[in-house]
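See below for the structure under consideration.
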Amino acid sequence: MVHEHVAAVDMGSNSFRLQVGRIVGNQIYPQDGLKETVRLAAGLTSDKLLDATSQQRALEALSRFGERLRGFAPEAVRAVATNTLRVAKNGPQFLLQAEAALGFPIEIIAGREEARLIYLGVAHTLPNPRIRHLVVDIGGGSTEFIIGQNIEPIRLESLYMGCVSFSLRYFPHGRIDKRGMKNAELAARRELQTIVHAYRDTGWDEAVGSSGTAKAICDILELNGFADGSITREGLERLRNRLVEAGAADRARLEGMRPDRVPVITGGVAIMSAVFKEFGLERMTFSDGALRLGVLYDLIGRYHHDDLREATVNRFMQRYEVDHLQAARVSLTALEIFRQLRPDDPIEDSVAAQFLTWAARLHEIGISVAHSSFHKHSAYILTNADMPGFSKRDQALLARLVLAHRGKLERVQSLTRIAPEWILILCLRLAALLHRARDDAPMPTIIVVNTDSGFQLQIDKVWLEGAPLTAAVLEEEAPQWANVGIEFKLRARRR
């Protein structure tokens, strides 16, 4: 179902932002936006734990966003969290509270996925998207670098440096001096050296900055006469010197310096200076497009059957040389079992069925590593690979389904007895088992039903007697399911 209004929540390391947009054709017209300066990265302790104060700030902001989003359908809202929640050890526990406060699921996205979504947002605001752009997005805890043309990214990277983390590390208590600025720039340049040669080889026509740090620097340069509507090397140098001379951002007497930017501007300037030096830039324009706009465009792409996740699954099947015929057999049978177990969940609109199909198509990618225990290799790849369009939670779900499709179910014993994933696991497990011969021999009619204590599989007795290997493997399913507290009954039916 396509909704007229969609919303994106960007839980950044410095600010949380809510963007509501109206869909007209394939375009999004922003209608409402909220910003909360949460500074989540500032609450990350040395042992990578989010402190209670920053968690409280975040939950209060999300509660306010949740009020604005009341009445929105779940599929019309997408909330993403970035670097700080990627690294926080207590992130998963905090996420449960955060989702309760917001009222919608929250995805922790990988760095390159963040970069892709940023570029998607920027690309829709560029006056000439046909030329090649270098996009730089300095966030609170990470900085994303993208080279792209039209709406297609060519290179994507995310580096672990941001305006909040650098300000705290190199300019403690807001004190600015030459030594701190030099150390911050050198640290950023060391990070940049890991990507700069490949980026220079790829090349670009124009550099673009996006998000809060780039906007703040651009505004300050213009309002103080350091540059004219863009970020320049000379203007950046004048701003850098002014900050060092003042000794603190709030004493620099800079026009356009918003109070919420004072604690983090110096770290952002240090990183931007390093970017200009390492990439050899003279000028950078600013784009209003950013992560939250990219999230909205990605959302409507899914509505219009232009889902990047589908393209990612196809690429993985190609890269890992998946047997397409076997994947199709397993997918069809798994979906047929799903229809029987979830008759009120239409396949076409079912998120669960979509993930079941993807898992069926990807369950054998680990064979490319080794045939022995290939399901473990498949799960490892799905957990750790860059999968454009998929959040870390999405990848974890695919990995669990694939890991549990054969062998010991105890490997996913952490799932609760009533978790809906067990149905998907059963569907994939039975489908892979029934197609073990990897041929197109006629399949028996099977009936799978939910019972009070688990599942029952009814299968033709004559067919079962003619397939002793399959019969033996099906008999072994009962103890596997019993080990996770679920009953599995096999019933041979007479014709």
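The values are calculated or read from the model by the stated rules, or taken from the named source; none is laboratory data. Remember, predicted model here, so these are calculated numbers, not experimental data. Positions of Cβ are generated from backbone atoms using ideal geometry, with glycine treated the same way; all protein chains shown enter the neighbour counts.
One residue stands out among those in the stretch 320-366 that are assigned to a loop (DSSP other than H, G, I, E, B) and acidic (D, E): the one that is surrounded by the most Cβ atoms within 10 Å (Cβ to Cβ), which is E364.
Consider the stretch 275-292. How many of its residues are buried (at least 23 other Cβ atoms within 10 Å of the Cβ), assigned to a helix (DSSP H, G or I) and at pLDDT 95 or above? Looking only at that region, the number is 1.
Taking residues in the stretch 41-56 that are loosely packed, with under 12 Cβ neighbours inside 10 Å, and partners anywhere that are among the small types (G, A, S) and assigned to a helix (DSSP H, G or I), the pairs with Cβ atoms closer than 8 Å and at least 6 places apart or on different chains are T53/G43. Of the numbered criteria (1) modelled with pLDDT of 95 or more; (2) under 25 Å from S211 (Cβ atoms), the one V330 fails is (2).
In the stretch 247-261 there is at least one residue matching the filter, namely being surrounded by fewer than 18 Cβ atoms within 10 Å (Cβ to Cβ) and in contact with a Lys or Arg (Cβ under 8 Å, 6 or more places away or on another chain).
Scanning the stretch 265-309 for residues that are aliphatic (A, V, I, L, M) and farther than 25 Å from L120 by Cβ gives I265, V269, A270, A274. Taking V275, is it outside the structural domain of L18 (by TED's automatic domain parsing), in contact with a His (Cβ under 8 Å, 6 or more places away or on another chain) and under 27 Å from V80 (Cβ atoms)? Judged against the criteria, V275 is not a match.
At least 3 residues being surrounded by 15 or more Cβ atoms within 10 Å (Cβ to Cβ) is the threshold, and among the helices (runs of 4 or more DSSP H) wholly inside the stretch 125-229 those reaching it are 163-170, 178-192, 211-223.
If D298 satisfies all but one of (1) surrounded by fewer than 16 Cβ atoms within 10 Å (Cβ to Cβ); (2) farther than 19 Å from K215 by Cβ; (3) touching a residue at least 12 places away in the same chain (Cβ under 8 Å), what's the number of the condition it fails? Result: D298 passes all but (1).
Among residues of the stretch 453-472 that are in the same structural domain as Q340 (by TED's automatic domain parsing) and touching a residue at least 24 places away in the same chain (Cβ under 8 Å), those with a Cβ under 8 angstrom from a residue that is hydroxyl-bearing (S, T, Y) and in a helix (DSSP H, G or I), sequence gap 6+ or separate chain, pair up as L464/T470.
If you scan the stretch 380-398, which residues turn out to be surrounded by fewer than 23 Cβ atoms within 10 Å (Cβ to Cβ) and closer than 12 Å to H363 by Cβ?
We begin by selecting, within the stretch 380-398, every residue surrounded by fewer than 23 Cβ atoms within 10 Å (Cβ to Cβ); these are 380-381, 383-386, 388-389, 391-397.
Within the stretch 380-398, just I381 meets the criteria.
Mind checking which residues of the stretch 61-89 are assigned to a helix (DSSP H, G or I) and without any contact (Cβ under 8 Å) to a residue 12 or more places away in the chain? If the condition is that a residue be assigned to a helix (DSSP H, G or I) and without any contact (Cβ under 8 Å) to a residue 12 or more places away in the chain, then E67 is the only one that fits.
Residue pairs whose Cβ atoms lie under 7 Å apart, separated by 6 or more positions or on different chains, with the first residue in the stretch 483-495 and farther than 17 Å from V449 by Cα and the second modelled with pLDDT under 90 and polar (S, T, N, Q), are V484/Q413.
Per-residue answers, yes or no, for (1) out of contact with any Leu (no Cβ under 7 Å at 6 or more places or on another chain); (2) within 15 Å of G162 (Cα to Cα):
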{"position": "V77", "(1), (2)": "no, no"}
{"position": "E107", "(1), (2)": "yes, no"}
{"position": "Y119", "(1), (2)": "yes, no"}
{"position": "V136", "(1), (2)": "yes, yes"}
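Within the stretch 301-319, the only residue that satisfies the criterion of being hydrophobic (A, V, I, L, M, F, W, C) and exposed (fewer than 13 other Cβ atoms within 10 Å of the Cβ) is A311. Helices (runs of 4 or more DSSP H) fully within the stretch 401-495 that include at least 2 residues being within 26 Å of G366 (Cα to Cα) and out of contact with any Cys (no Cβ under 8 Å at 6 or more places or on another chain): 421-434, 468-475, 477-482.
Looking at the stretch 201-235, which of its residues are touching a helix residue (DSSP H, G or I) at 6+ places or on another chain (Cβ under 8 Å), more than 24 Å from T125 (Cα to Cα) and not polar (S, T, N, Q)?
Just the residues of the stretch 201-235 that are touching a helix residue (DSSP H, G or I) at 6+ places or on another chain (Cβ under 8 Å), to begin with: 207-214, 216-217, 220-221, 224, 226-233, 235.
Filter again for more than 24 Å from T125 (Cα to Cα), leaving 224, 226, 235.
Hits for the stretch 201-235 are F226, G235.
Residues that are surrounded by fewer than 18 Cβ atoms within 10 Å (Cβ to Cβ) and touching a residue at least 24 places away in the same chain (Cβ under 8 Å) within the stretch 6-26 comprise just one, N26.
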